[in-house]
Amino acid sequence: MAEAVGAFMVCALLITVVGVTGWFERVMNRIPTEIAAALLAGVLARFGMQAFAAAALALALVLLMLGSYLLARRLWPRYAVVVTLLVGVAYAALSGQMAWSAVTLELAVPQFTAPQWSWNALVSLALPLFVVTMASQNLPGVAVIRASGYTLPVSKIITLTGVATLLLAPFGAFALNLSAITAALCMGPEAHQDRDKRYPAAATCGALYVVIGI
């Protein structure tokens with residue numbers, strides 16, 4: 001874990017460098033929106049295929065959640081994901097699949113891990129993590145934001161994610177980024193018809209992350 005933390009910090013430094021120098025933003029300005037959108041499609045395709053792969057183990061649950069999503073998407077598009085989640089949890093609870101005895105209510109306590117640096121962790125973890133974060137999250141994330149009609153200081157935001165990762169890596173955080181899927185959810189018309197009033201969706205998402213983490 002100590003070597004992993006060191007690798008996370010190296011990755012954070014690389015992200016900070018590409019943000020401060022503006023390299024990433026210059027690359028983004030040269031990549032057609034269609035290619036960036038295709039990257040996001042590739043990310044989403046994996047989730048979609050995994051859902052159907054789960055049908056081999058829990059066919060009834062998968063079909064029920066799929067049907068719930070399609071129905072809610074038609075009737076209450078803003079609440080489709082929430083409805084799907086509640087239906088899945090209700091089914092699992094009623095069928096006795098919820099392990100309530102394993103749930104304990106206690107606050108999470110941050111644990112500091114002093115970093116250690118090694119060439120092995122640098123090559124096998126830090127560099128791949130940096131490439132994957134930039135290519136599969138930050139790049140399509142920025143593309144989604146721009147496609148939604150928003151302009152943003154890309155270099156400053158990338159720099160901020162790098163600095164935040166650097167500070168939080170010793171506590172287990174790694175490669176904080178512009179999540180493409182979260183961006184798509186928070187910036188779509190389901191969040192609000194008025195584009196200028198969609199920001200509460202992102203703020204609420206962040207607040208929920210904090211509550212779940214604690």
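When only the Cβ of Lys, Arg, Asp and Glu is charged (+1, +1, -1, -1), the dipole of region 16-124 relative to its Cα centre reaches about 320 debye. Subtracting the Cα-Cα distance of LEU85 and VAL20 from 0.36 nm times their residue separation leaves 19.4 nm of extension gain.
Using the beta-carbon distance between ILE181 and LEU57 and R0 = 30 Å, what value does 1/(1 + (r/R0)^6) give for FRET efficiency, to the nearest 0.05?
Details: r = 24 Å, r/R0 = 0.78.
The value I calculate is 0.80.
Both radii come from the Cα set of region 45-115: Rg as radius of gyration, Rh as Kirkwood radius; their ratio Rg/Rh reads 1.13.
Compute the Cα gyration tensor for region 99-214, then decide on rounded, prolate or oblate, letting a ≥ b ≥ c be the square roots of its eigenvalues: rounded whenever a/c is under 1.5, prolate when a/b is larger than b/c in the other cases, and oblate in all that remain. Oblate. Distance between the pseudo-spin-label points of ARG195 and VAL211 (7 Å out from Cα toward the beta carbon): 3.0 nm. Scan [x] 51, 43, 32; [y] 61, 37, 34; [z] 57, 33, 28 for the value of Cα extents along the principal axes in Å calculated from this model and give just the label. It is the one labelled [x].
Once the Cα-Cα distance is subtracted from the 0.36 nm per residue extended length, the GLN111 to ILE35 segment shows a gain of 23.4 nm.
Site pair ALA202 and TRP119 shows an inter-label distance of 4.2 nm when each label is modelled 7 Å from Cα along Cα→Cβ. Mean Kyte-Doolittle of at least -0.5 plus a Cα span of 15 Å or more along the axis: flag which DSSP H helices in the chain meet both, please. Helices meeting the span and hydropathy rule in the chain are 2-21, 33-53, 59-75, 80-94, 154-168, 199-213.
Only the coordinates and a few stated rules stand behind these numbers; no lab work does. Everything numeric here is computed off the predicted structure, so don't read it as measured data. Ideal geometry is used to build each Cβ from the backbone, glycine not excepted, and the neighbour counts take in all protein chains shown.
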